[in-house]
Amino acid sequence: MSKSVKPIKSAYVQKNIGGIISKISLYARQRMFRSLMEIAQPTSETSVLDVGVTCDRRQDSNFFEKLYLYPQQITAVGVEEAYFLEQDFPGLKYVKADGLSLPFPDQSFDLVVSFAVIEHVGDRRNQQKLIAELCRVGRNCYITTPNRWYPIEFHTVLPLIHWLPAKWFRWILKFLGQEFWSKEENLNLLTLNELFSFFPSTTTIKNRSTKLFGITSNLCLYVQNHTS
């Protein structure tokens, strides 16, 4: 009897924890969206590139498209089959492409946004390459990523172990059965100083990071590119 109860209880707890995390994620992303609107003040004429959309249809997925008033000005980029976005948001253009090699001319967008993408592109070299591409194609950029120093790691819902050296963190995740997140190409968290270090000297950076329960949970940087 006990053997049949444990999996049910475990699934119930996991589902409810996942639901709570999803709600927290949506709350944080709504705050980030408001922060972006305040500082960028886009209009119906502002051309926008969103790098890192997904085919996932969860409530907190592709939230920028759901909240933005001018979808006809959005070009969305992702590596998945997310062409349905063109039907869901009339006027939006979807381009399947890798954020590390964007198929657009230099400075071709007024605003480039990338929400929680950089921690999923691999090693530090790839992360810096993503930043370089975002700054290349955008006059202004808004880039977010979870703060490594927040006590909870939101992808795994585990506390504190992500503060350990990366090798130890990945070993523990693998031991706990979190094989996907244990790989650097799928999860590579950043501190604020590490994120700052990726930007070229031709940029001005404004820190718009958000807090949850009084601690910085998401690093959010608004970047103005002064390249002529």
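Nothing in this text is a laboratory measurement; each read-out follows from the coordinates by a stated rule. The model shown is predicted, which means the values in this text are computed figures rather than measured ones. Note that we place each Cβ from the backbone using ideal geometry, even for glycine, and neighbour counts take in every protein chain shown.
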The long-range amide H neighbours of LEU190, using H built 1.01 Å from N in the peptide plane and a cut-off of under 5 Å, are ARG148
Spelling it out for LEU158: with amide H atoms placed in the peptide plane at 1.01 Å from N, the residues 5 or more places away or on another chain with amide H under 5 Å from its amide H are GLU153
In what sequence do LYS174, LYS206, LYS167 fall when counting other Cβ within 10 Å, fewest first? LYS167, LYS206, LYS174
Out of GLN72, GLN107, GLN87, a Gaussian network model of the chain with alpha-carbon springs under 10 Å gives the largest mean-square fluctuation to GLN87
HN-Hα J in Hz across segment 107-122 - Karplus 6.51, -1.76, 1.60, θ = phi - 60°, x for Gly and Pro: 6, 8, 10, 5, 9, 10, 10, 8, 9, 6, 10, 4, 6, 10, 9, x
Pull up all non-local amide H partners of THR54: gap of 5 or more, or a different chain, and H-to-H distance under 5 Å with H placed in the peptide plane. ASN62
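Could you work out [θ]222 nm for the chain from helices alone, using -39500 (n - 2.57) per DSSP H run of at least four and dividing by all its residues? Round to the nearest 500 deg cm²/dmol.
Numbers: 6 runs with 77 residues, N = 228.
After summing the helix terms and dividing by the residues of the chain, the value is -10500 deg cm²/dmol.
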With label points built 7 Å along Cα→Cβ from the Cα atoms of THR202 and SER22, find their separation and express it in nm. 4.3
Expected max-MSF residue from LEU189, LEU212, LEU49 in the GNM of the chain (alpha carbon, under 10 Å) is LEU212
Calculate the FRET efficiency for LEU192 and SER47 from the Cβ-Cβ distance with a Förster distance of 25 Å, rounded to the nearest 0.05. 0.30
Along Cα→Cβ, 7 Å out, is where each label goes; now give me the distance between the ones at GLN87 and ARG57 in nm to one decimal. 0.9
Per-peptide average of other Cβ atoms within 10 Å, ordering 56-62, 145-151 highest first: 145-151, 56-62
Per residue of segment 216-222, what does 6.51 cos²θ - 1.76 cosθ + 1.60 with θ = phi - 60° give for ³J(HN,Hα)? Whole Hz please, x for Gly and Pro, Karplus curve as stated. 4, 9, 10, 7, 10, 10, 9
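For segment 162-220, report the translational diffusion coefficient in µm²/s to the nearest whole number, using Stokes-Einstein at 37 °C, 0.692 mPa s, and a Kirkwood Rh over Cα pairs. Working shown, then result.
On the way: Rh = 13.6 Å.
It diffuses with D of about 241 µm²/s by this estimate.
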Going down the list LYS93/LYS211; LYS23/LYS174; LYS96/LYS167; LYS66/LYS167; LYS129/LYS167; LYS93/LYS206, which pairs span over 31 Å between their C-alpha atoms? LYS93/LYS211; LYS96/LYS167; LYS66/LYS167
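If contacts are Cα pairs under 8 angstrom and at least 6 residues apart, what is the relative contact order of the chain in percent?
Details: 362 pairs, mean separation 39.3, N = 228.
Relative contact order of the chain: 17 percent.
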Among VAL77, VAL53, VAL95, whose mean-square fluctuation peaks in a Gaussian network model of the chain (Cα, cutoff 10 Å)? VAL95
Of (i) 7, 31, 37, 18, 5, 1, 0, 0; (ii) 7, 29, 35, 22, 7, 0; (iii) 7, 30, 30, 21, 10, 1, the label for P(r) over Cα pairs in 10 Å bins from 0, in percent derived from the coordinates: (i)
